[in-house]
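Below: the structure, in structure tokens.
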Amino acid sequence: MRIVGGRLRGLRLADLGEGDLAAHLRPTTDRVRESIFNLLINGSHGNPLPGARVLDLFAGTGALGLEALSHGAAEVTFVDDGAKAHALIRQNVDKARAGDLTRLIRRDATKLGPVRGPGFGVVFLDPPYGQGRGEAALASALQGGWLAPGATVIWEESRAPLLPAALTLLDRRSYGETVVTLARLVPSDLG
């Protein structure tokens, strides 16, 4: 596993092999990650990464958040409740020398509570497939104010997820057994 683009391109991340099913770690393949970032950077919806505050839910190895840093994000907050995931994220943050640009929260992504500080402009969501945890995490993030107005959400799942009314679909692509959904938080009318 490696960073596929940007200033950290080619950086080898901690090896997890095929994943750790007991810890629910299923890393996004380099090919799918490259496709996600090509879609974000080159899509017709505008590149949300430069200067963004990024939230990586179900962070696993931290590869998605570190890839975002490599492509110009200002900072990343990783959320995962697994001990193995935390060890991998710390290892990968150290490899990327990104400790001052990252924060690691050990918490169940489906029970976030209220955000401390401003919401995030880019949110990666890569839950264990087929368990409905992505929907629960997104509902928790919306309720707790974790998403900034107009935030971009990138959601990996084994099927097309049902988006909450607060999000509008921008794009959806299938890569083998992975469906990537790109959506945007509709800014509420303050009017």
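General observations
- Relative to the longest principal axis of the Cα atoms of the chain, the long axis of helix 133-143 lies at roughly 50 degrees.
- Charge context of Arg184, other residues only, Cβ under 14 angstrom, K/R +1, D/E -1: 0
- Put simply, the amide H of Leu55, placed in the peptide plane, has neighbours under 5 Å in Thr77, Val122, Val123, Phe124, leaving out anything fewer than 5 places away on its chain.
- Near Ile36, once Lys and Arg are set to +1 and Asp and Glu to -1 for all other residues with Cβ below 14 Å from its Cβ, the sum equals -4.
- Taking amide H atoms as placed 1.01 Å from N in the peptide plane, the amide H of Val179 lies under 5 Å from those of Glu157, Ser158, Arg159, each 5 or more residues away in sequence or on another chain.
- Lys, Arg +1 and Asp, Glu -1 on Cβ, resulting dipole of segment 6-185 about Cα centre, debye, nearest 20: 320 debye
- Calculated P(r) of the chain - Cα pairs past 26 Å, %: 22 percent
- When only Cα pairs below 8 angstrom with a gap of at least 6 residues are kept, the chain shows a relative contact order of 17 percent.
- Rg/Rh for segment 94-154, where both radii come from Cα atoms and Rh is the Kirkwood radius: 0.99
- Dipole of the chain, positive end: most advanced residue of Ala139, Ala98, Gly121 [Cβ charges, Cα centre]: Ala98
- Angle between the chain longest axis and helix 30-42 axis [Cα atoms, degrees, rounded to 10]: 40 degrees
Throughout, read-outs are computed from the coordinates displayed, never taken from laboratory work. Predicted model, so just to flag it, every value in this text is computed and none were measured. Heads up, the Cβs are rebuilt from the backbone with ideal geometry, glycines too, and the neighbour counts pull from every protein chain shown.
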